[in-house]
Amino acid sequence: MRELLQEIKSILQSTKLNTKETLSAKEAAQYMGISLSTLYQLTSQSKITHYKPSGKLIFFKRKDLDDFLQQNKSEGIKIDNY
């Protein structure tokens, strides 16, 4: 029963992250599947767009995260079928 409740909680949290437009740093790291420290490294190196409305807390737009994740596209090899 606990496992089922945990799974439901995880699904609800994922749904929430996929519908929110603006994410906190913790939510952004979870959304991207990276650690919070890696996310902070990306922000300190100015590699990822972020917002600091109060000068301390960091926020991210989900679209900016998606754009970052889709950088450096590598095309696969196309094989023609005979």
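Nothing in this text is a laboratory measurement; each read-out follows from the coordinates by a stated rule. Values in this document were obtained by computation on a predicted structure and should not be read as measured data. Counting neighbours? That spans all protein chains shown, and the Cβs are built from the backbone with ideal geometry, glycine included.
Distance between the modelled labels on residue 2 and residue 61, one decimal in nanometres: 4.3 nm (7 Å Cα→Cβ projection).
Extension gain, residue 47 to residue 18, is 8.2 nm, computed as 0.36 nm per intervening residue step minus the present C-alpha separation.
Please name which of 55, 68, 38 has its Cα lying farthest along the dipole of the chain towards the positive end, using unit charges on Cβ (Lys, Arg +1; Asp, Glu -1) and the Cα centre as origin. In the chain, that residue is 55. Treating each Cα of the chain as one equal point scatterer and applying the Debye formula with no solvent, the log10 of I(q)/I(0) at q = 0.11, 0.16, 0.27 Å⁻¹ comes out as -0.42, -0.70, -1.34. Charged side chains reduced to their Cβ positions (Lys and Arg at +1, Asp and Glu at -1) give region 19-69 a dipole of some 160 debye around its Cα centre. Ellipticity at 222 nm from helices only: DSSP H runs of n ≥ 4 in the chain, each -39500 (n - 2.57), divided by the residue count, give -16000 deg cm²/dmol. Taking all Cα pairs closer than 8 Å and separated by 6 or more residues, the relative contact order of region 19-69 comes to 46 percent. In order along region 28-39, the Karplus-derived 3J(HN,Hα) couplings, from 6.51 cos²θ - 1.76 cosθ + 1.60 at θ = phi - 60°, round to 5, 4, 5, 4, 7, x, 10, 6, 5, 5, 5, 4 Hz, and Gly and Pro are given as x.
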